[in-house]
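Only the coordinates and a few stated rules stand behind these numbers; no lab work does. Quick caveat, the model's predicted, so the values are computed rather than measured. Ideal geometry is used to build each Cβ from the backbone, glycine not excepted, and the neighbour counts take in all protein chains shown.
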Amino acid sequence: MGKTTPENLRDFLNLKKDVIIRGRFIPSKKNILFEKPEFKDYENLTSTVVRWLRENTDFKSLTEIQERFLGYRFANRRNINS
């Protein structure tokens, strides 16, 4: 594969859109590089992901998507012990 471009990353995210929206894939840098190590040298990975999220989903940031699909479990666990 040649040099990674924003279009390459957006194409990858478009293929993953359904699983991202359902919370089965969090598009963090670590998760993306696990599936697509060829993106490791792309400097604008996170900003491209956030831009894609804003344009293609109801999420406005990686933090928002992580809290929605990961954070609620921890909050519920803490509430049980209260």
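The test for being more than 13 Å from the chain's Cα centre (by Cα) and surrounded by fewer than 16 Cβ atoms within 10 Å (Cβ to Cβ) does not hold for THR46. The residues of the stretch 25-43 that are within 10 Å of the chain's Cα centre (by Cα) and outside any helix (DSSP H, G or I), listed by number, are PHE25, ILE26, PRO27, SER28. Answer yes or no as to whether ARG51 is surrounded by 10 or more Cβ atoms within 10 Å (Cβ to Cβ) and part of a loop (DSSP other than H, G, I, E, B). Taking the combined requirement at face value, the residue does not satisfy it.
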